[in-house]
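Everything on this sheet refers to the single structure shown next.
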Amino acid sequence: MSIIKAFKGFRPPVDVVEKLASRPYDVLNSAEARKEAAGNPQSLLRVTKAEIDLPEGTDEHSQAVYDKVVENYAMFKKNGWLVQDPEEKLYIYAQTMDGRTQYGIVACCHIDDYFNNVIKKHELTRKDKEEDRMIHVRITNANVEPVFFSYPAHKEVDQIVEKIVKNEKPIYDFVAKEDGFGHHFWVINDKATIARLIEIFDKEIPALYVADGHHRTAAAALVGKEKRGQNPNHTGKEEYNYFMSVIFPDSQLKIIDYNRVVKDLNGLSEAQLIEKLKESFDVTEMGADIYKPTKLHEFSMYLAGKWYKMNAKQGTYNDQDPIGVLDVTILSNLVLDKILGIKDLRTDKRIDFVGGIRGLGELKRRVDNGEMKVAFALYPVSMKQLIDIADSGNIMPPKTTWFEPKLRSGLVIHELS
């Protein structure tokens, strides 16, 4: 079962939160972060992407950047922009996008659950990205940014959250100007409620699922393991045994599409590409208007100013295989690899990935401007597919899931001691 823990969070005062809360470190590049934080000394981007306080062109992995992280984080606390709660709490963090709100519990999870696969993963991690985040955790001695988990929806947890949300005003309640999404935050003060939530997860929630933040999760768990090894008096109760997460019921989450653009046709003409596609797909020309896939195993392609609908033919995929049934697998095997010669999605420079939050117009733009030659849009993966794959111990192909909204960083921070 799943271990969660209350913690003494560091939080911004109400009059600071909108300026401090920022988008996650991996959503923005350095130039975008520099622009977003311009004129705002309280932006947490000065801690999560501290290169923005150094000359342009500074290597974001340099010692100078890490030193600036430490300096800025200490300054945020000294200035009273982050203040620690005097007692251990759980929190509720809700996000509103397109009229839909999802409610997550902010808690600490146990690193043993990560290593024992109670916290289940669906993506591989890269060691270089793990190490970068591990350095950030080490030097701040904190989980500055939360990870995004899901759990099998539980009626009593839903009822507890609903009661708090209906009867108490949120501590924070704002719409972020960068994306227009609503962010709402409650502190759970009642000790009996906190104890009951911890008990439910311990006795009735069999697993947690990493939705977004595989590298942050791995980094947090690995640093906790390091600290165990460095402490001859380790008892297992230390704060470094836990890391901060926001845990949403699977029934409230929605995965959006994650699409592909390719730089060339692997020596084929446009007509030859379409003919080869017809071996595995029913291909229908749809015209110049954007066409979005409407069901599983249906794709859309943008090529030479036209959209095409592509339906995978029966027999080209395996509905009984949790990986083989995925549309990303079908596209990777039958198009990207077989026709376009792209063997490794992680390393091939001929392919790029576009989150569905940008819309299919972004695919059209990148082909029309000559940067890319062809684009493919996919029907989004479902939460059931994600859970089935994680439960089976399998790993999804790269760039399969895109969760939106992203968690704001800075609403609460967990320190490891």
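Values in this text are rule-based calculations from the coordinates and carry no lab data. All values reported here derive from a predicted model rather than from experimental measurement. Every residue, glycine as well, gets a Cβ built from its backbone with ideal geometry; the counts of neighbours run over all protein chains shown.
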Check your understanding: Near residue 35, which lysines are there with a Cα under 22 Å away, not counting those fewer than 8 places off in the same chain?
Key -> 19, 49, 68, 177, 406
Practice item. Compute the label zone of residue 256 within the stretch 364-387: residues whose backbone N is under 13 Å from the point 7 Å along Cα-to-Cβ. Key: 380
Practice item. Starting with the fewest neighbours, write out 417, 150 ranked by other beta-carbon atoms found within 10 Å of each beta-carbon. Key: 417, 150
**Study point:** J(HN,Hα) series, the stretch 356-367, from Karplus relation 6.51 cos²θ - 1.76 cosθ + 1.60, nearest Hz, glycine and proline x
**Key:** x, 4, 7, x, 6, x, 5, 5, 4, 4, 6, 7
Practice item. Quick one: go through the stretch 358-378 and flag any residue whose amide nitrogen is under 17 Å from the point 7 Å out along the Cα-to-Cβ line of residue 316. Key: 375-378
Check your understanding: Within the stretch 205-227, whose backbone N sits under 14 Å from a point 7 Å along Cα→Cβ of residue 115?
Key -> 218-227
Study note, to complete from the structure: Per the C-alpha gyration tensor (a ≥ b ≥ c, the square roots of its eigenvalues), the stretch 258-379 is rounded if a/c is under 1.5, else prolate if a/b beats b/c, else oblate; here it's rounded
Practice item. Calculate the length of the line joining the C-alpha centroid of the stretch 229-290 to that of the stretch 314-336, in whole Å. Key: 14 Å
Check your understanding: What are the lysines whose alpha-carbon lies under 17 Å from the alpha-carbon of residue 191, with same-chain residues fewer than 8 places away excluded?
Key -> 5, 8, 89, 163
Check your understanding: Under 18 Å Cα-Cα from residue 373, which aspartates and glutamates qualify once same-chain neighbours fewer than 8 residues away are excluded?
Key -> 264, 270, 275, 285, 289, 337, 348, 352, 362
Exercise for review: Taking every Cα atom in the stretch 149-227, find the radius of gyration and the maximum pairwise distance Dmax, and write them in Å.
Suggested key: 15.8, 42
Practice item. Mind jotting down the distance between the C-alpha centroids of the stretch 25-74 and the stretch 152-192, whole Å? Key: 30 Å
**Study point:** Estimated inter-spin distance, residue 67 and residue 275, nm [label 7 Å along Cα→Cβ]
**Key:** 6.3 nm
Point to revise | Ordering of 61-72, 373-384 by packing [mean C-beta count within 10 Å, highest first] | key: 373-384, 61-72
Check your understanding: Amide H to amide H, which residues 5 or more places from residue 120 or on other chains are under 5 Å from it, using H placed in the peptide plane?
Key -> 208, 209, 210
Revision key, fill the gap. Where a ≥ b ≥ c are root eigenvalues of the Cα gyration tensor, a/c under 1.5 meaning rounded, otherwise prolate if a/b exceeds b/c and oblate otherwise, the chain counts as prolate
Point to revise | Qualifying GluC sites (Glu not before Pro) in the stretch 201-297, DSSP loop, other Cβ atoms within 10 Å at most 14 | key: 279
